[in-house]
Amino acid sequence: MVSSVDKLSELNVFHGELVAYLSDSLALAAGKLQKKQLVEMNNLRTALLKKAGSLRWLIKELTGREMLTDTFPGGQQSSYDMWSAALRFPPNPRSRSALSSSIDVTLQAIGKLESDIEMGTRDRSGKMIAGRETVAPKGFISHGKESVALNKLEKFLRALGVEPIIVRDQPNLDRTVDKKVDHCLGEAHFVIILATGDDEIEGKLQPRQNVSHEIGLAQKTHAGKIIYLLEDETEFSSNISPKTWERFKQENMENVFERIIVELKALQILTCQAQ
């Protein structure tokens, strides 16, 4: 039985139930849900509503997220509560999108709480432990064009307690681009290659040339500490030799977020303190 104060276990169960509810929602939309399964889906929704009421505040504290925003033609925006939208019944495309976001956010909260527990800054109830100061590990993100994937990755790393290093955001200090990149790599504990399909060469989508260049640099400076993320239908150019990579889609990056957590734990990045 899960202890009422063991929020890490509660979050893991909650995440699994959200994934199951999304699966039911998709099956319902496709007309593949039987009457008995519909009853079970409603029961699951009731349980999720109750859990969301008690867990959303911890998730917001860990990730800073609980609202979603729609952008309309003309640039007008409207914000709405993620949890109310995600657990709406009957579900619709908007609620399924919100549900997918809630799954991502819950996974981020789990990763951040796990990291905080390992670093001794929180206990398993999610409460901060007084007197423990830590310096966030830093991750260099190599990327091409501005993208949804880049924004999601940056927010995810921050939710884990990792400081993302994105070259465009760093001060220039009268340096050349190459010198600025070298300095940013020197500050990082690990590197993530975010390879999006920005350029079309001979009918094939490839990452920007700067990404290929930074792969070469990172293989010299951070050998064994590089995570390669490659967008679907995109290929690395033949002049570079990346190691094993993870495929992702811009609209759903949950699989690579899980992989990042696995890799950072194996590298002991989530438990290290910057020296």
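Any read-out appearing in this document is the output of simple, stated calculations on the displayed coordinates, not a laboratory observation. Worth saying up front: this structure is predicted, and the values here are computed from it rather than measured. With ideal geometry, Cβ positions are generated from the backbone for all residues, glycine too; neighbour counts draw on all protein chains shown.
Note on Thr244 and Val148: the model spin-label points, each 7 Å out from Cα along the C-beta direction, lie 2.8 nm apart. Which percent, to the nearest 5, of DSSP beta bridges fully inside the stretch 138-266 are antiparallel? Roughly 20 percent of the DSSP beta bridges within the stretch 138-266 come out antiparallel.
Placing dummy labels 7 Å off each Cα toward the beta-carbon, the span from Asn43 to Ser79 is 3.8 nm. The slack between Asp6 and Asn210, meaning 0.36 nm per residue of separation minus the straight C-alpha distance, is 69.0 nm. Annotation: aspartates and glutamates with alpha-carbon distance below 14 angstrom to Lys50 (same-chain offsets under eight excluded): Glu10, Glu17. With kT/(6 pi eta Rh) evaluated at 37 °C and eta = 0.692 mPa s, and Rh the Kirkwood radius from Cα pairs, the stretch 138-266 diffuses with a coefficient of 221 µm²/s according to Stokes-Einstein. Over the C-alpha trace of the chain, radius of gyration and Dmax come out as 20.4, 67 angstrom. Within the listed set Ser97, Ser25, Ser78, the Gaussian network model of the chain (springs between alpha-carbon atoms below 10 Å) gives the highest mean-square fluctuation for Ser78.
Where in the chain are the DSSP H helices whose alpha-carbon span along the long axis reaches 27 Å or more and whose Kyte-Doolittle mean is at least 0.0?
Numbers: long enough: 7-29 (32 Å, 0.62); 35-63 (38 Å, -0.30); 93-119 (39 Å, -0.12).
Correct list, ordered by number: 7-29.
Work out the FRET efficiency for Thr121 and Asp182 from their Cβ-Cβ distance, taking R0 = 22 Å, and round it to the nearest 0.05.
Working: r = 32 Å, r/R0 = 1.44.
Once rounded, the FRET efficiency stands at 0.10.
Fewest to most neighbouring Cβ within 10 Å: what's the order for His213, His15? Kindly include the intermediate steps, with their values, before the conclusion.
Values: His213 14, His15 19.
Result, fewest neighbours first: His213, His15.
Within the listed set Met82, Met253, Met128, the Gaussian network model of the chain (springs between alpha-carbon atoms below 10 Å) gives the highest mean-square fluctuation for Met128. Inter-part distance, the stretch 1-80 to the stretch 168-190, computed on C-alpha centroids, equals 40 Å. Think of the chain as having a plus end and a minus end, set by charges on the Cβ of Lys, Arg, Asp and Glu; of Ala136, Tyr21, Gln206, Tyr21 sits farthest toward the positive end of this dipole. Each Cα pair under 8 Å and six or more residues apart adds its sequence gap; the mean of these over the residue count of the chain is a relative contact order of 16 percent.
The convex hull drawn around the Cα atoms of the stretch 7-119, when projected onto a plane and averaged over every direction, covers 7.8 nm². Taking Gln76, Gln37, Gln250 as the candidate residues, the one with maximal mean-square fluctuation in a Gaussian network model of the chain, Cα springs under 10 Å, is Gln76.
Give me the percent of DSSP beta bridges within the chain that run antiparallel, rounded to the nearest 5. If you can, show how the numbers build up before the last one.
On the way: 10 of 27 bridges.
If we restrict to bridges inside the chain, about 35 percent are antiparallel.
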